[in-house]
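Written out below as structure tokens is the structure these notes cover.
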Amino acid sequence: MTGTGRTRLDQPRTARPGLLSLPSYDPEAFGVLSERIARFLGTGRFIVWMTVVVVVWIAWNTLLPTSVRFDEYPFIFLTLALSLQASYAAPLILLAQNRQDNRDRVNMEQDRARSDRNIADTEYLTREVAALRHGLGEVATRDFIRSELQSLLKEIDERRDAPEPL
């Protein structure tokens, strides 16, 4: 496969000059549009409007005179329209879900990194608090100094009251 210009099998071929090329589009804009459509398809408003359209369609083609009916009883055209709507809705919904999955994955990775930083910070602070506690164990407290001063005063008083040796 040295003559094809393709170095890896997992990469698509580039378009050949001179052949029919498809129009280009912005994948981000298409993704945003598909998310808006998928969001609308999941609303009660869409279900109500779809129900109204189907009921009007069936009523039109069953209750009105035969001369104005455009889709007789098996409602082949209605079935075709609903199938067409479903065939477009499913890939758009899947595309929107894939984009949401990608956003969720990025958010999860950011949350994991933030959690790792929080754990590291907590461990650091725990070590610092332990070092401070250890250091405070070696520092003289106010009560310790007070008791030492009292014992020194007591010793001084005892020496003062004691008779001086000749």
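For the range 31-82, with all protein chains present and a 1.4 Å probe, just round the carbon and sulfur fraction of the accessible area to a whole percent.
Working: 2910 of 3820 Å².
Using a 1.4 Å probe with all protein chains present, the range 31-82 comes out at 76 percent carbon and sulfur.
Accessible area per residue for the range 18-124 is 80 Å², calculated with a 1.4 Å probe on protein heavy atoms, without ligands, DNA or RNA. How compact is the chain by the rule of thumb for globular proteins, expressed as Cα Rg over 2.2 N^0.38 Å? My calculation over the Cα atoms of the chain gives 2.70.
Set the Förster distance to 25 Å, then compute FRET efficiency between Arg103 and Tyr25 from the Cβ-Cβ distance, nearest 0.05. Mind showing how you got there, number by number?
On the way: r = 21 Å, r/R0 = 0.83.
Efficiency for this residue pair is about 0.75.
Using alpha carbons only, how many angstrom separate the centre of the range 41-74 from the centre of the range 101-136? Centre-to-centre (Cα) distance: 59 Å. Axis of helix 76-138 versus longest Cα principal axis of the chain: the two differ by about 10°, to the nearest ten degrees. Within the chain, the longest run free of exposed loop sites, counting chymotrypsin sites (Phe, Trp or Tyr not before Pro) that sit outside DSSP helix and strand states (H, G, I, E, B) and have at most 16 other Cβ atoms within 10 Å, spans 76-166.
Per 0.36 nm of contour for each residue apart, how much would the distance between Val52 and Ala89 grow if the chain were fully extended, relative to their Cα-Cα spacing? Using 0.36 nm per residue and subtracting the Cα-Cα distance, I get 11.5 nm.
Largest accessible area first, the residues Ser151, Ser21 order themselves as Ser21, Ser151 under a 1.4 Å probe with ligands, DNA and RNA left out. Phi-derived couplings, Karplus 6.51 cos²θ - 1.76 cosθ + 1.60 at θ = phi - 60°, listed residue by residue for the range 147-153: 5, 5, 5, 5, 5, 5, 4 Hz, with x used for Gly and Pro.
Within the listed set Gly137, Gly42, Gly31, the Gaussian network model of the chain (springs between alpha-carbon atoms below 10 Å) gives the highest mean-square fluctuation for Gly137. What residue among Thr141, Thr122, Thr66 has the largest mean-square fluctuation in a Gaussian network model of the chain, using Cα springs under 10 Å? Result: Thr141 has the largest fluctuation of those listed. Here the sum of -39500 (n - 2.57) over DSSP H runs of 4 or more residues, divided by the residues of the chain, equals -25500 deg cm²/dmol at 222 nm, to the nearest 500. For the chain, a Gaussian network of Cα nodes joined below 10 Å ranks Ala38, Ala140, Ala96 by mean-square fluctuation, and the top entry is Ala140.
With θ taken as phi - 60° and the Karplus curve 6.51 cos²θ - 1.76 cosθ + 1.60 applied, the whole-hertz 3J(HN,Hα) list for the range 22-29 is 6, x, 8, 9, 8, x, 5, 5 Hz, x standing for glycine and proline.
For GluC sites (Glu not before Pro), the sites in the range 12-85 that DSSP calls loop and that have at most 11 other Cβ atoms within 10 Å are Glu72. For the chain, a simple Cβ point-charge model (Lys and Arg +1, Asp and Glu -1, everything else neutral) yields a dipole of about 1240 debye relative to the Cα centre.
The values are calculated or read from the model by the stated rules, or taken from the named source; none is laboratory data. These numbers come from a predicted model, not from an experiment. So basically every Cβ, Gly included, is an ideal-geometry build from the backbone, and we count neighbours across all protein chains shown. Quick note on the areas: whole protein, heavy atoms, side chains included, nothing else; ligands and nucleic acids left out. Shrake-Rupley method; radii C 1.70, N 1.55, O 1.52, S 1.80 Å.
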